[in-house]
Amino acid sequence: MIKIPYTFKVILPVIGWGLLCSFFSYTLSLTIVDSSIKFLIYGAPLYLVFLGLIFVARYGYGSFSKEAKIINKNINSKGELREKISEEETRNVLESLVAYCKELYKFSFSAGLSFVAFTVLIISFDKGTLEEFLIILISSLIGLFFFSSFSLFFSQQAVFPVVKKCREILFKSKENGKDIVLSSIKSKFYFLFFFPFISVLIVIISVYPVNYSIIILALTGLMMALIIGRVLYVYVYRSFSEIEKFSRVSGDKDNVFVVGSLDKEFVDLANNFSKISQELESLKKESEKSKKEMTKKMEELERFFDLTVDRENKMVELKKEIEKLKNV
């Protein structure tokens, strides 16, 4: 039975998405560009297959990736860590997963960029028009954006359960795995602003040749979408930032988590956090009370011990006095 590496299962959907993005850009280009450009029709798919083979060899089977080798050594095809893994090995796996996602994104971007350069080079050699050149360039860049974005987001989603397990192991062993991060959620929100822009470009290319009315209408719609996206981004990010701020607060008697969000999920989360905070404060008070009672009992025991020892000393002295009187 052939053993399928864990990393191969991670990149398989990425490869499928890359083929879909390439097909989309390829078809979008051919709807406008002269279909007689044979180098574009046959050369682009062949170059895409070449990139796919490198992609599979490097990040699927880990032939040229140190991180992929470490991951496949310690994680089976089902996404489970091997048994009896040490703390140091767990940390290495976690670091490798983060580095793997980063390298996957970088390679996806660089491979996509080389594909863009390849297709533009073809149209240049074939003496295409300036309009054809711009359409192929824009179509290829659209595919590149979708492909590289998906590889970054999906890879992090795919390794999520394993990263969680590694952090649990490190947390229980008092190791610090929290500093091993790839990016912030704030940076991911910025991708939301690109999608309306890409959509407008697709519309403009699809209705080529365009007039100024269509361009003005498309740009107006783009501006409206960007404004709404910005408002949504600020609203959601503020709610998340409140969670991060709350996690840093300690020692406050009135430590209650509240948010300005009106969404049910955030409100429920805030209520649960507040209950946990109040329970922790209650446990802290009970602990302090128990500590005071324990200290009081210890002091009473010490006094009792001192009295007992003093009594015993007096009894010894009294016995000595009695012995002396008997000998007189």
- Query: Which residues, counting only those in segment 57-77, are free of Cβ contacts under 8 Å to residues at least 60 places away in the same chain and of a type outside the set (Phe, Trp, Tyr)?
  - Reply: ALA57, ARG58, GLY60, GLY62, SER63, SER65, LYS66, GLU67, LYS69, ILE70, LYS73, ASN74
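In this structure, is TYR59 in contact with an Asp or Glu (Cβ under 6 Å, 6 or more places away or on another chain) and under 28 Å from PHE189 (Cα atoms)?
Details: in contact with an Asp or Glu (Cβ under 6 Å, 6 or more places away or on another chain): no; under 28 Å from PHE189 (Cα atoms): yes.
Answer is no for this residue.
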- Unique residue being assigned to a helix (DSSP H, G or I) and modelled with pLDDT under 70 when the list is SER247, SER282, SER261: SER247
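Name the residue, out of SER77, SER63, SER108, SER114, that is closer than 30 Å to PHE197 by Cβ, in contact with a helix residue (DSSP H, G or I) (Cβ under 9 Å, 6 or more places away or on another chain) and exposed (fewer than 15 other Cβ atoms within 10 Å of the Cβ).
Working: SER77 fails: closer than 30 Å to PHE197 by Cβ; SER63 fails: closer than 30 Å to PHE197 by Cβ; SER108 fails: exposed (fewer than 15 other Cβ atoms within 10 Å of the Cβ).
Just one listed residue meets the conditions, SER114.
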- Message: Out of SER77, SER25, SER29, I need the residue that is outside any helix (DSSP H, G or I) and modelled with pLDDT under 85. Which one?
- Response: SER77
- May I ask you to list pairs of residues, at least six apart or on different chains, whose Cβ atoms are under 6 Å apart, with the first in segment 283-299 being touching a residue at least 24 places away in the same chain (Cβ under 8 Å) and the second being exposed (fewer than 10 other Cβ atoms within 10 Å of the Cβ) and of a type outside the set (Lys, Arg)? none
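Considering GLY128, GLY62, which residue is modelled with pLDDT under 85, at positive phi and of a type outside the set (S, T, N, Q)? Give the derivation first.
Values: GLY128 fails: at positive phi.
Going through GLY128, GLY62 in turn, the sole match is GLY62.
Looking at VAL10, is it open to solvent by 20 Å² or more (accessible area, probe 1.4 Å), part of a helix (DSSP H, G or I) and at pLDDT 80 or above?
no
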- Query: Which number in (1) surrounded by 19 or more Cβ atoms within 10 Å (Cβ to Cβ); (2) touching a Ser or Thr at 6+ places or on another chain (Cβ under 7 Å); (3) at pLDDT 80 or above marks the one condition that GLU87 misses?
  - Reply: (1)
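Which residue out of ILE180, ILE122, ILE169 is more than 21 Å from ILE198 (Cα to Cα), touching a helix residue (DSSP H, G or I) at 6+ places or on another chain (Cβ under 9 Å), in a helix (DSSP H, G or I) and at pLDDT below 75? If you could, list the steps in order and put the result at the bottom.
Working: ILE180 fails: in a helix (DSSP H, G or I); ILE169 fails: at pLDDT below 75.
The conditions single out ILE122.
The values are calculated or read from the model by the stated rules, or taken from the named source; none is laboratory data. Nothing here was measured: the structure is a model prediction, and the numbers come from that model. Counting neighbours? That spans all protein chains shown, and the Cβs are built from the backbone with ideal geometry, glycine included. What goes into the accessible areas is simple: the full protein's heavy atoms, side chains included, and nothing from ligands, DNA or RNA. Shrake-Rupley method; radii C 1.70, N 1.55, O 1.52, S 1.80 Å.
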